[in-house]
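Only one structure is covered here, and it is reproduced in the block below.
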Amino acid sequence: MDTWSQHLVPRDTGWIEVICGCMFSGKTEELIRRMRRAQIARQNVAVFKPRIDTRFSSDHIVSHSDQSLVSHAVQHATEIPPLTKNAQVIGIDEAQFFDESLVSVCEELANQGKRVIVAGLDQDYRGRPFSPIPSLLAVAEYITKTLAICMVCGNPADRTQRKTQQHDLVVIGAKDIYEARCRHCFEPPNE
Ligand code: ZN
């Protein structure tokens, strides 16, 4: 069951849902699942992702388990509102690659009566809050934290361990560069 549907579904207003967690925790899968259900309910949907994320496909969002959904790749969050005139449900993936302006964009869309679903990493590779997700959590009505499985001990995992020595905030990769770790097994990088 969707987190939000355990509660009363809001009427005559929009709202913001955030799906956050570490890599390999199923964020994109959960976003795709919610968007598909909206499509089945014959709602107009629009899906966006930052242009920086070219891991898989430039016009789809794709989960690590190969689910996919058609999306627009945009450079900046402010490009989103003009592309959502007819959309009732708006999905935004890989939100950590947008800047803080994503927060006011999501607020603007929700204030227009739209359902906004945002998925992204809540911690960076050092285990620190990853902007703009912390600010989005503060203004969202519904929050889902997805957990992965620790690759070392099998506990529930909420951290992303970078396996290489690169110190850039953004290093695009998947299982070649990252793995999920629990609090106990996570090793913060030496800086
Ligand atoms: Zn562990």
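Laid out as a table, the results:
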| quantity | calculated |
| --- | --- |
| For a label point 7 Å along the Cα-to-beta-carbon line of Ser65, residues of the stretch 152-191 with backbone N under 19 Å | 154-159, 174-175, 179-181 |
| Heavy-atom accessible surface of the chain: percent carbon and sulfur, 1.4 Å | 48 percent |
| Straight-distance crosslink candidates among lysines, where the alpha carbon sits under 16 Å from Lys49 and sequence neighbours closer than 8 are dropped | Lys27 |
| Label point distance in nm, Ile177-Ala138, each placed 7 Å from Cα along Cα→Cβ | 2.9 nm |
| Probe 1.4 Å, protein heavy atoms only - accessible area per residue of the chain in square angstrom | 51 Å² |
| Rounded to 5, percent antiparallel among DSSP beta bridges of the chain | 30 percent |
| Computed label-point distance, nm, for sites Val9 and Gln88 using a 7 Å Cα→Cβ extension | 0.9 nm |
| Three-way shape label, the stretch 11-147, alpha-carbon gyration tensor, a/c 1.5 | rounded |
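The values are calculated or read from the model by the stated rules, or taken from the named source; none is laboratory data. Since we're looking at a predicted model, the values are computed, not measured. A quick note on method: Cβ atoms are made from the backbone with ideal geometry, for glycine too, and the neighbour counts reach across all protein chains shown. Please note that ligands, DNA and RNA were not included when accessible areas were found on the heavy atoms of the full protein model with its side chains. Shrake-Rupley method; radii C 1.70, N 1.55, O 1.52, S 1.80 Å.
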